[in-house]
Amino acid sequence: MKSSSSLLQMMQYLLSPPGEMCLTCGSVSRLVREWPGICRSCAEAIPWIHKPRCLCCGRAIGCPDCLREEMRHRSFVCNRSAVQYNGVMREWLAQYKYRGHEKYADLIVHMLNQVFVQMQEELGMLMLGFNSDTPNQHIQSDASIGFFSAVISKVISRVDFVLPEVPLFHKLRETSQQALWKPDVITYVPVSDVRLKERGFNQAEVLARGLGSKHRIPVMPLLVRREHTAKQSYKSRQERIDSMKNVFAVHKEGLEAALSLYIRTYGMPSKASHSNSEMTRHESHGHAITAQDAPLPMQILLIDDIYTTGSTINACAEVLRDTLHLGLGLAAEVYSLTWARS
Amino acid sequence: MRVAVYAIRQGQRWRMKISLDLRIDIVWWEYVSRNTGMDGTMVLLSGDMPLGWACKAAKDFVGAPEMVHWKMQQWKGWLEAELREEMEREQTDGDRPRAEKNGWTSVDGERHDARTKGSLRGMKARGRGVWNSFEPKDHDGAAWGGLKAKGYDRSARGGFKDTGYGGAVRNGLNPKGNDGSARDGFNSMGNDRKVGDGCSGMWRWELGEPLAPAVWQELIRQPEEGQCAGDVRDSAVLVELAEQAAQLVDRLHGRSLLATEVDSLLSDRAPGLASAWHSPAQLAYLQGQLALDAGVAAAGPRKWPRGTLRASRGQAPRCRRCGSEATGRTACAACGLAACAYCEACLALGRSRACSLLLRTAADPAVRGTAGESTAAVAGRWGLSAAQGDAAWAALGFLAEPPQGGSAAGGRTGWMRPRWGAARRSGTSTAPSRFLLWAVTGAGKTEMIFPLLDSVLAVGGRVLVATPRRDVVLELAPRLAKAFSGVRIVTLYGGSTERWESGALTLATTHQLMRFYHAFDLVVIDELDAFPYHNDPMLAYAAQHACKPDGKFVYLSATPPRPLQREVSRGTLPHAKVPVRYHGHPLPVPKRIAMRSVEICLRQPKLLGPLAAELRRSIDRGAQIFLFVSRIRHIGPLVEILRHRFKDTAVEGTSSEDSGRGEKVMAFRKKDIRLLVTTTILERGVTVPRSDVYILDADSSLFDEASLVQMAGRAGRSSEDPAGRVIFASSQWTLSQKLAVNQIKAMNRIAGKHGYLKEQPSKS
């Protein structure tokens, strides 16, 4: 049926102004260059968190959650998120995660990259500040140490438990000449095997791998999620809390690889563990490592799609920190980077 | 998901089957060979292969007698040749991200990335039960990474060996590394023994002979997820399985569902079956009652270039559920491929991908409706007007015709013409017959379909009424329930609670059609030309699949799309026209007033003079006024100007962006609003007694013939005021306007000729 109408349509297509279908709103228009696949109006509607108000969880608005007692004992250093989780972002995430529209992956990785760069600068500034005049992590309010440190010290003087006893920024890494913070390894919040088969992908892993390949930072699975046998809804509150505690476990092979990388970069944490066999059985031989020269903490960036209460991130960070610390006497700093902050 | 694939011989005949539970197959074929007395051979080609590959192999398989003598190596060679394209793609797609990373300066990143991908795979594999106990993780990992030997070479130099991953290094350095990764796709469970003849994980079993150890092991293994937990050699278990299979087939009757949808359906309708339906499904598949397929059909064979660009490009994979081209390809944890195709067009109903299982049932032959005795009898029984009765009677005659006798089957052009041969490929060679009920706006289409539905329901057929909009479904449901009180009616729309119910009469929105396969004897499609049907090949495909191959289609439309109109005038499409409204008065013929475009008029409100004069006449005669504009942005300013000009009249504007639309339409109906400025969103389905219609910028390209006729159809619908006024205000007299006016006049002329009119149409 090569009729005149299809010919006309073809001509109209050829003559119409250039445009592609926007991934998110479906309208045909010229797409923006900065973000893959979306149009100008969608790009402008992204609710970026340019300046987090809460330095702990990266929320754009004041955060009562982080003032709670239990947050003082959290296991991660801080969280940063790219966007606020509003209705539009909820729809995007639903399209990607639940419907499986994987064209969104590229867009979300780009967005995550944006906030990662922002995070690098922010933390880099802080590192410089700490290193220049406060070698023993004593924070002073000094105009010369930079904006972020000033802000931080101000915040801390007001609510002194916002940044708690988590070992923070032990040193300026020799490897990074410029003041850009860079984690040793990127990892992601795992999903269970059942969910992975059902969905076909782990959104956090896709984000982590995308980010890792952009910045040439190794991405490793350090955690596994245990299967749930019973449904959450049949459990009591205490059972739920307990089950949340035991949801995550370390991914042995991934952790070994991360350790071997760490060793190759910074040398052995101590003289006691030079053989591979002992490395792989670090649980039993863990205390062989002495604290003669306190090893540098391993900096781990944990990726997830959304930060809601922080309990998932915290549970993951706790497992990582405890395993590394109890097993190897190696300190770990877990930083969290999520796409959205609800 | 991953499945097993095997070849089976019975006598001289070879076939290829896929399996969700190989234990069932072993027991089944042993039983068949014992009962028929035929000898046979079962050759397991792979116990664990991506579903998409398995379906392709099974589909393309052509048996040959010499296969009896084939060695395992030959079977393997055949399989590799069959899947060469898939494996090549897997290579290239697996390498693509790698090629990016090869640019990295950091050896660490690359090495660890490869390593972690490997362990990801290892992790996944562990979940698969006993197979994995003899699966060396490192090898699997290396294969998954799709690594080039070069890459590993470097990582080995980078000191990988020191950290104790000798296995990975060894594999990477293995010159057969690529080969291994390809093979991994369909035989990951036997990697440990692949060094030998390369045929591990495959076995051959002559039916009737004692079970070989490998077969035996297969039979007594632990059941996997979704499989029946009992011992399938036990006859009691088999009887139960057979019952479950029958139940499953019954539940899935006329359905086309992905595995996840089956999960949902069963947990809703048959919880006993929900946890372990793979084994009964396999049994039903062997019995020939259930078709197992991949959600996305593999790409067609790459044709050798024949000079044209199209032929050399090869065919893209196609979604079996919606018929669209599956454009997306991503790494998939469910089947383990790096480039598993998925369909982006029908994501809203759950993702259809190359490794997701699509279950469809075999169709019964369609039943035929009974022809009406006479026009008068049909009209009398259903309370129809003469014009409605005639059309319904013609349609009843069509329903009573034998399937392919109608000239419509395989019509040359038109809406239901299967595009790209999609229907042919999916196995439906004959298209259902089609009938067009071309009824003018306000003719009373709904009443007319009642006799049609009744004639098919009366002989035990299943009927589907599909409409484009959810509110139409909700409005129609009670009317149908009243007319067919003894019939089980299911209403389906996004979020409907009756999602998995089945009844004789189904009322659904268009997208729900994709969940059906050869289910209905009669499919009635309302407002064929309305969005979302219009120009959407996906919904056309879905509608065609929902209907039995020898079933019937009835289209309802006031403004059929051009291709169908052409078929009507050519005489290739059986149809009936209802050229008159139920009240027997002619359609109001649009009158044109010349006016500058709204854009200019808004700047110089003086130019609205001629329009204002007409509006004044309408207001004075007490009519409700629809004022259609082409752009939402015109509504606000125009409402302001009109309010200023007609101070005594309530003027409002509404559009798709207006959340208070429903209330405004209600107020308009109640005459609280006299003049409503709106866009084409109100072109259909709104009936307001005593109304006049004004269409500004009628020459706009946004208004085609169909929407002009639809908008004009808002006027004069009630019998109290049958002669509403329709005004086209435009600066140019375009083809669309001309065609719309011609169509309306032609309908009035036909009505007059048949004597349906109570009065002669006024010449305008």
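The values are calculated or read from the model by the stated rules, or taken from the named source; none is laboratory data. If you're wondering where the values come from, they're calculated on a predicted model, not measured in any experiment. Ideal geometry is used to build each Cβ from the backbone, glycine not excepted, and the neighbour counts take in all protein chains shown.
Hey, among the residues in the stretch B:217-248 that are of a type in the set (Gly, Ala, Ser) and closer than 14 Å to B:Leu20 by Cα, which one's surrounded by the fewest Cβ atoms within 10 Å (Cβ to Cβ)?
In this case the residue turns out to be B:Ala229.
Counting just the residues of the stretch B:567-581 that are surrounded by fewer than 20 Cβ atoms within 10 Å (Cβ to Cβ) and over 26 Å from B:Gly685 (Cα atoms), which one comes out farthest from the other protein chains (Cβ to nearest Cβ)?
Ranking the candidates gives B:Gly571 first.
Which of the residues spanning the stretch B:322-343 are touching a residue at least 24 places away in the same chain (Cβ under 8 Å), assigned to a strand (DSSP E or B) and either over 12 Å from B:Glu86 (Cβ atoms) or more than 10 Å from every other protein chain (Cβ to nearest Cβ) (or both)?
Selection gives B:Ala341, B:Tyr342.
With the condition being free of Cβ contacts under 8 Å to residues at least 60 places away in the same chain, I'd like the helices (runs of 4 or more DSSP H) fully within the stretch B:617-730 carrying at least 2 qualifying residues.
Filter on the stretch B:617-730 gives B:632-645, B:661-669.
Determine whether B:Thr649 is modelled with pLDDT under 90, closer than 20 Å to B:Asp471 by Cβ and in the same structural domain as B:Met595 (by TED's automatic domain parsing).
For B:Thr649, the condition - modelled with pLDDT under 90, closer than 20 Å to B:Asp471 by Cβ and in the same structural domain as B:Met595 (by TED's automatic domain parsing) - is not met.
Tell me, which helices (runs of 4 or more DSSP H) lie completely within the stretch A:42-161 with 2 or more residues that are surrounded by 15 or more Cβ atoms within 10 Å (Cβ to Cβ), at pLDDT 90 or above and not hydrophobic (A, V, I, L, M, F, W, C)?
Qualifying helices (runs of 4 or more DSSP H): A:104-133.
Within the stretch B:574-616, count every residue that is in contact (Cβ under 8 Å) with a residue 24 or more places away in the chain and part of a loop (DSSP other than H, G, I, E, B).
Selection size over the stretch B:574-616: 16.
A quick yes/no check of all residues on (1) closer than 23 Å to B:Leu702 by Cβ; (2) at pLDDT 90 or above; (3) aliphatic (A, V, I, L, M); (4) within 19 Å of the chain's Cα centre (by Cα):
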residue	(1), (2), (3), (4)
B:Leu513	no, no, yes, yes
B:Phe520	no, yes, no, yes
B:Phe531	yes, no, no, yes
B:Ala542	no, no, yes, yes
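Any residue in the stretch A:83-108 that's outside the structural domain of A:Arg53 (by TED's automatic domain parsing) and more than 22 Å from A:Ile61 (Cβ to Cβ): show its pairings with residues that are at pLDDT 90 or above and buried (at least 20 other Cβ atoms within 10 Å of the Cβ) at Cβ separation under 9 Å, as long as the two are six or more apart or on different chains.
No pair meets every condition.
Residues are listed down the side, and each one gets a yes or a no for (1) surrounded by fewer than 20 Cβ atoms within 10 Å (Cβ to Cβ); (2) modelled with pLDDT of 75 or more; (3) assigned by TED's automatic domain parsing to the domain that holds B:Arg684; (4) not in a loop (DSSP other than H, G, I, E, B):
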residue: B:Met416; (1), (2), (3), (4): no, no, no, no
residue: B:Leu452; (1), (2), (3), (4): no, yes, no, yes
residue: B:Asp471; (1), (2), (3), (4): yes, yes, no, yes
residue: B:Leu476; (1), (2), (3), (4): yes, yes, no, yes
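Sort out which residues of the stretch B:658-682 are at pLDDT below 85 and in contact with a helix residue (DSSP H, G or I) (Cβ under 6 Å, 6 or more places away or on another chain), and write them in order of number.
Within the stretch B:658-682, just B:Thr680 meets the criteria.
For B:Gly350, state whether it is over 22 Å from B:Ala4 (Cα atoms), of a type outside the set (A, V, I, L, M, F, W, C) and at pLDDT below 85.
no
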